[in-house]
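Enquirer: Have a look at this one before I ask anything.
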Amino acid sequence: MKLDDPDLFRQAALIGGQWISRPDMEVTDPATGKTLGHMPDCSAAETTEAIAAAEAAMKDWRARTHAERADLLMRWYQLMLDHAEDLARILTAEQGKPLQEARGEILYGASFVRWFAEEARRINGAIIPSPVPGKKIFAMKEPVGVCAIITPWNFPNAMITRKVAPGLAAGCTMVIKPSDFTPYSALALGVLAERAGIPKGVINILTGRPEAIGATLTGSAVVRKLSFTGSTRVGAMLAEQCAPTLKKLSLELGGNAPFIVFDDADLEAAVEGAMASKFRNGGQTCVCANRLLVQSGIHDAFVAALTARVDALRVGPGTEDGVEIGPMINNAAIDKITTHVTDALAKGAMRTTRSRDLPAGYADPMVLSGADTGMRLADEETFGPVAPIFRFETEEEALRIANGTPFGLAAYFYTTDMARAFRVGEALEFGLVGLNTGAISHEVSPFGGVKASGLGREGAREGIEEYLETKAFHFGGL
Ligand code: SIN
């Protein structure tokens with residue numbers, strides 16, 4: 001990996017401002033399977049040290065003015081932009097996504113830092129008229145405290161900034177545990193935070209296997225909040241571990257997004273939206289269209305147009321020019337995709353796209369027509385570049401299938417009928433709904449799910465509330 005600033009590639013954990021370097025574990029490049037670097041496997045004792053460092057740093061950090069914290073966040077943001085190309089290279093090397101997409105993620109990640117730097121200055125409370133004469137009541141906003149941040153491998157940069165920036169703006173301090181598949185994007189952010197002047201101990205980053213670190217973070221009474229992005233299974237387990245110490249929780253968990261195309265949809269726009277939603281990051285996102293529901297009148301034209309677009313996708317190493325689908329993160333991901341496709345084909349689905357001869361580590365992007373609700377891919381996230389098409393006849397049927405899942409993260413639909421737009425938008429049981437768009441992720445908009453897709457919202461004004469407590473301060477004797 002060639003970087004303009006090689007110091008950004010840090011193979012060390014960050015605890016209380018000290019970089020701890022030990023080659024305990026290997027990190028591999030998913031495009032080649034070769035070793036990319038090493039990292040320490042942080043112990044429970046080191047996790048406790050990081051929590052103590054965050055607790056010690058909290059006193060000064062929360063006492064700073066909002067403007068001071070905002071200025072430091074803006075400096076961090078500017079450094080991310082200045083080093084965007086290196087950050088994108090690191091991201092592609094460890095995660096595999098095409099460099100063009102990695103550049104997009106860096107800007108997306110940086111946008112949260114800018115947004116919450118701006119929001120830092122708008123953390124207002126309220127003055128409540130008292131029901132009792134001679135009294136005043138203030139609702140004051142205060143930082144939650146030390147926060148544990150556990151992030152996934154699919155967005156190694158943006159999922160950190162989306163959690164850390166609002167926390168820092170609110171006056172909290174952080175112990176971050178990035179995925180052991182993709183630690184280097186997090187560590188590069190740590191280097192830039194240090195250069196921005198964010199004080200020692202405000203951001204701590206623990207690398208290594210998740211079990212000991214996770215259990216120590218969730219078990220600690222000092223840690224007052226956990227924010228996690230990942231599977232529903234792990235989210236529920238972490239919530240259980242947090243229960244004895246009653247932490248505030250933000251959980252951004254699994255999805256099973258329906259993507260509905262009604263007969264009256266603009267075909268070209270619907271295909272464009274399906275490509276954007278389904279194939280972003282090779283289908284490895286929680287908001288990816290997982291089930292494409294297409295009404296019978298537009299079905300054949302949609303399948304033909306989507307097939308042509310998928311056939312034209314270029315698959316290869318993310319560093320190669322023009323590549324649109326990189327390698328999958330690991331063999332387990334490939335196995336899950338293969339299992340879903342094999343099950344669907346055995347139950348009557350038909351592959352409409354060409355087949356490519358790809359090296360190990362890559363999944364062949366495909367369209368499957370004739371999908372139905374008895375298939376595994378109807379109930380589980382495939383997390384890969386597979387677009388199963390379910391044919392439907394009526395709006396009621398589409399809504400029944402779309403809502404027939406325990407998950408409730410994202411849903412999309414295409415229609416030109418305004419009455420239907422409102423009806424369907426309101427009937428979809430999801431936290432994020434895209435009408436005539438496949439792109440629903442922006443720093444200004446609340447991101448999060450309902451039902452088994454989690455708790456809380458990230459980004460937007462709501463994102464900072466997750467890191468604040470409200471204190472009711474009663475003044476008597478006035
Ligand atoms: C995710 O897949 O968890 C995040 C996707 C996004 O922010 O758009």
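Enquirer: Place +1 on the Cβ of every Lys and Arg and -1 on the Cβ of every Asp and Glu in the chain, take the dipole about the Cα centre, and give the residue among Ser43, Leu345, Ala170 whose Cα lies farthest towards its positive end.
Expert: Final value for the positive-end residue is Ala170.
Enquirer: How big is the antiparallel share of DSSP beta bridges in region 257-435, given as a percent to the nearest 5?
Expert: Beta bridges within region 257-435, antiparallel portion: roughly 10 percent.
Enquirer: Pull out the extension gain between Phe138 and Arg314, defined as 0.36 nm times the separation in residues minus the alpha carbon to alpha carbon distance; nm, one decimal.
Expert: So the chain would gain 57.5 nm between Phe138 and Arg314.
Enquirer: On C-alpha positions alone, give me the angle between the axis of helix 331-346 and the longest principal axis of the chain, in degrees, nearest 10.
Expert: Computed tilt is about 30 degrees.
Enquirer: Related question: So what's Rg/Rh here for the chain, counting alpha carbon atoms and using the Kirkwood radius for Rh?
Expert: 1.00
Enquirer: Another question, then. Using only protein heavy atoms and a 1.4 Å probe, report how much of Asp4 is accessible, in Å² to the nearest 10.
Expert: 130
Enquirer: Would you please classify the overall shape of region 207-254 from the alpha carbon gyration tensor, given that a ≥ b ≥ c denote the square roots of the eigenvalues, rounded means a/c under 1.5, and beyond that prolate means a/b larger than b/c while oblate covers the rest?
Expert: oblate
Enquirer: Oh, and also: To the nearest 10 square angstrom, what accessible area does Ile20 show with a 1.4 Å probe?
Expert: Accessible surface of Ile20 is approximately 40 Å².
Enquirer: When the chain is fully extended, how far beyond the present Cα-Cα distance does Glu397 get from Ala360, taking 0.36 nm per residue of separation?
Expert: Between Glu397 and Ala360, full extension yields 9.4 nm more.
Enquirer: So what's the Cα pair-distance distribution over region 257-435, bin width 5 Å, in %?
Expert: 1, 9, 19, 22, 21, 14, 8, 4, 1, 0
Enquirer: What relative contact order, as a whole-number percentage, does the chain give when Cα pairs under 8 Å and 6 or more residues apart are counted?
Expert: 18
Enquirer: Taking amide H atoms as placed 1.01 Å from N in the peptide plane, list the residues 5 or more away in sequence, or in a different chain, whose amide H sits under 5 Å from that of Glu469.
Expert: Answer set, sorted by chain and number: Glu142, Val144.
Enquirer: OK, next. Looking at the chain only, what percent of DSSP beta bridges run antiparallel? Nearest 5 please.
Expert: Just about 40 percent of them are antiparallel.
Enquirer: Among 280-291, 325-336, 160-171, how do they line up by average Cβ neighbours within 10 Å per residue, starting with the highest?
Expert: With the highest mean Cβ count within 10 Å placed first, the list reads 160-171, 280-291, 325-336.
Enquirer: Note down the accessible area of Lys135, probe 1.4 Å, to the nearest 10 Å².
Expert: Per-residue accessible area (Lys135): approximately 70 Å².
Enquirer: Where nothing but the Cβ of Lys and Arg (+1) and of Asp and Glu (-1) is charged, how large is the charge dipole of the chain around its Cα centre, in debye to the nearest 20?
Expert: Result for the chain is approximately 1460 debye, rounded to the nearest 20.
Enquirer: Counting each DSSP H run of 4 or more residues in the chain as -39500 (n - 2.57), what helix-only mean residue ellipticity at 222 nm follows after dividing by all residues, to the nearest 500 deg cm²/dmol?
Expert: -12500 deg cm²/dmol
Enquirer: Which of the residue pairs Lys278/Lys451; Lys97/Lys278; Lys163/Lys248; Lys136/Lys248; Lys177/Lys225 have a Cα-Cα distance greater than 18 Å in the structure shown?
Expert: Lys278/Lys451; Lys136/Lys248
Enquirer: Quick check: the angle from helix 84-95's long axis to the longest principal axis of the chain, C-alpha only, nearest 10 degrees?
Expert: Tilt relative to the chain: about 60 degrees.
Enquirer: Still on this structure, I have one more. For Ser43, Ser369, give me the order by solvent-accessible area with a 1.4 Å probe, most accessible first, ignoring ligands, DNA and RNA.
Expert: Ser43, Ser369
Enquirer: Grab the beta carbon distance between Thr28 and Asp263, set R0 = 41 Å, and tell me the FRET efficiency rounded to 0.05.
Expert: Calculated transfer efficiency: 0.30.
Enquirer: So, one more: By a straight-distance test (C-alpha under 14 Å), which aspartates and glutamates pair with Lys141 as possible cross-link partners, with residues fewer than eight away in the same chain excluded?
Expert: Partners within reach: Glu119, Glu462, Glu465, Glu466, Glu469.
Enquirer: Grab the other residues whose beta carbon is less than 11 angstrom from that of Arg423, score K and R as +1, D and E as -1, and report the net.
Expert: With Lys, Arg at +1 and Asp, Glu at -1, the neighbours total -3.
The values are calculated or read from the model by the stated rules, or taken from the named source; none is laboratory data. These numbers were taken from a predicted model, which means no experiment stands behind them. All Cβ positions, even for glycine, are placed from backbone atoms using ideal geometry, and neighbour counts span all protein chains on display. Each accessible area value is taken on the protein alone, full model and side chains, heavy atoms only, with ligands, DNA and RNA left out. Shrake-Rupley method; radii C 1.70, N 1.55, O 1.52, S 1.80 Å.
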